[in-house]
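**Student:** There's a structure below that I have some questions on.
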Amino acid sequence: MPFRTITPAQARDRLRDAPTDFVLLDCREPEEWALASVPGTLNLAMPDIPKRHGELDKSKEIAVLCHHGNRSAVVAAFLDRQGFPRTASVGGGIDLWSRTLDKSIPTY
């Protein structure tokens, strides 16, 4: 099954309700992640994913987060092709998350 898109609220709820079965993978650069991030995320920059995706657990649901949703869609599609069966992209990215769910996370 190809990756799907989920909302920031769905990702927040999964992170809260199933923290041992869910990974919120932030694929932004470390500098971006340091500027604005969701607690509990795993930061693995997009350029590093092809060589490091083996570090991820294929049995877990993985939702990929970026700034607006473009990079996360590319990463989610890549992970899907690599055999990660429960992959999603967080539509709207950290920007939508910070504007709608947690205004304490800076926008940039």
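**Student:** Mind checking which residues of the stretch 52-67 are under 11 Å from the mean Cα position of the chain (by Cα) and either among the hydroxyl-bearing types (Ser, Thr, Tyr) or under 20 Å from TRP33 (Cβ atoms) (or both)?
**Tutor:** Matches in the stretch 52-67: ILE62, ALA63, VAL64, LEU65, CYS66, HIS67.
**Student:** Which ones in the stretch 54-74 are in contact with a Phe, Trp or Tyr (Cβ under 9 Å, 6 or more places away or on another chain), more than 22 Å from ARG16 (Cβ to Cβ) and buried (at least 18 other Cβ atoms within 10 Å of the Cβ)?
**Tutor:** Across the stretch 54-74, the qualifying residues are HIS67, ALA73.
**Student:** In addition: Would it be correct to say that PRO50 is surrounded by fewer than 18 Cβ atoms within 10 Å (Cβ to Cβ), over 19 Å from THR5 (Cα atoms), touching a residue at least 60 places away in the same chain (Cβ under 8 Å) and of a type outside the set (Val, Ile, Thr)?
**Tutor:** No.
**Student:** Filter the stretch 94-108 down to residues that are in a helix (DSSP H, G or I) and in contact (Cβ under 8 Å) with a residue 12 or more places away in the chain and give me whichever is surrounded by the fewest Cβ atoms within 10 Å (Cβ to Cβ).
**Tutor:** Taking the candidates together, the pick is THR100.
**Student:** Here's a follow-up. Scan the stretch 68-93 and report the pairs whose first residue is over 15 Å from CYS27 (Cα atoms) and whose second residue is small (Gly, Ala, Ser) and surrounded by fewer than 19 Cβ atoms within 10 Å (Cβ to Cβ), with Cβ atoms within less than 9 Å and a gap of 6+ or a chain change.
**Tutor:** These pairs meet every condition: GLN82/GLY54; PRO85/SER59; ARG86/SER59.
Computed from the coordinates by the stated procedures, all read-outs in this text should not be read as laboratory data. Bear in mind the structure is a predicted one, so any value in this text is a computation, not a measurement. Note that we place each Cβ from the backbone using ideal geometry, even for glycine, and neighbour counts take in every protein chain shown.
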